[in-house]
Amino acid sequence: MMASPAPHDPPSAAPAPGTIHPGWLRVMHWLNALAVIIMVMSGWRIYNASPLFDFAFPKGATLGGWLGGALQWHFAGMWLLFLNGLLYLALNLGTGRLSRKFFPVSPRGVATDLNAALHGKLSHNDLRHYNQVQKLAYLFVIVDIVVLVLSGLVLWKSVQFDLLRELMGGYESARRVHFFAMALLVAFVAVHLVMVALVPRSLIAMIRGK
Ligand code: HEM
């Protein structure tokens, strides 16, 4: 008779054999993508109500219809982004997946892999291993989302998060931090989508797990 797992066995982040991405990671990735789309599109509508710069986002690319509606989408999306992101970080840190999948990463390794990619010589045979450019891009976007959430907290409750507000150089400066972190996130998504289109097998793996 097979022994059943002890009730206190630590959760494993390792995918089953043959699996490229475990189920929990896939669910979290797609929830995160949904949250990011909601946050960016409603954020653009909020920006349009009081633009920081000399331009507005096209209305068709925004969510919420009017300022009040966009704020409601932004606050709803915020909880999805925050709770899903917190769980993603906790699972990745707690199981050691973060260091296994994203480290080591070095400037020399990134340069070598970038050079190989530009010459069409980067292997995509084993999708379980990220190349150094991917590692850097994914680590960057994780940190960028943390910056977005922290600067968002300052804009939402600037009196309560006064230390954070001062660390960001005040309310107006936190607005700029929030805007540029959004712009970098959108740039990441654009490059990410091109990369996925170049290796469509990776999309199947992020949907089906293998
Ligand atoms: C919208 C915001 C998005 C963000 C912030 C994002 C971020 C990420 C991150 C951090 C990873 C690595 C996950 C890990 O291993 O822990 C990843 C992987 C991946 N993402 Fe996204 N993603 C987004 C949207 C999308 C979309 C819309 C698609 C497809 C249409 C997509 C397709 C993929 C695929 C296929 C992988 C696996 C790449 C590989 O195995 O080579 N992502 N994404």
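The values are calculated or read from the model by the stated rules, or taken from the named source; none is laboratory data. This one's a predicted model, so the numbers in the text were calculated from it and none came from an experiment. We place every Cβ from the backbone using ideal geometry, glycine too, and count neighbours over all the protein chains shown.
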Exclusive hit being in a helix (DSSP H, G or I), modelled with pLDDT of 95 or more, surrounded by fewer than 17 Cβ atoms within 10 Å (Cβ to Cβ) and not assigned by the TED database to the domain that holds H178, set L91, L114, L87: L87
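Out of the range 155-208, which residues are of a type in the set (S, T, N, Q) and surrounded by 13 or more Cβ atoms within 10 Å (Cβ to Cβ)?
First pass over the range 155-208, keeping only residues of a type in the set (S, T, N, Q): 158, 160, 173, 202.
Within the range 155-208, S158, S173, S202 meet the criteria.
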Restricting to the range 118-153, name every residue that is away from the ligand (no atom under 16 Å from the Cβ) and closer than 20 Å to L89 by Cβ. L150, S151, L153
Across the range 66-111, which residue is farthest from the ligand (Cβ to nearest atom) among those that are touching a residue at least 24 places away in the same chain (Cβ under 8 Å) and hydroxyl-bearing (S, T, Y)? S106
Give me a count of the residues in the range 1-57 that are away from the ligand (no atom under 16 Å from the Cβ), at pLDDT 95 or above and either more than 26 Å from L83 (Cβ to Cβ) or outside any helix (DSSP H, G or I) (or both). 10
Taking only the range 181-199 into account, find how many residues are more than 13 Å from V141 (Cβ to Cβ) and either touching a helix residue (DSSP H, G or I) at 6+ places or on another chain (Cβ under 9 Å) or in the same structural domain as Y47 (by the TED database) (or both). 2
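Among the helices (runs of 4 or more DSSP H) lying completely within the range 154-210, list those that include at least 1 residues that are within 14 Å of the ligand (Cβ to nearest atom).
Numbers: elements: 162-167, 171-198, 200-208.
Per the criteria, 171-198, 200-208.
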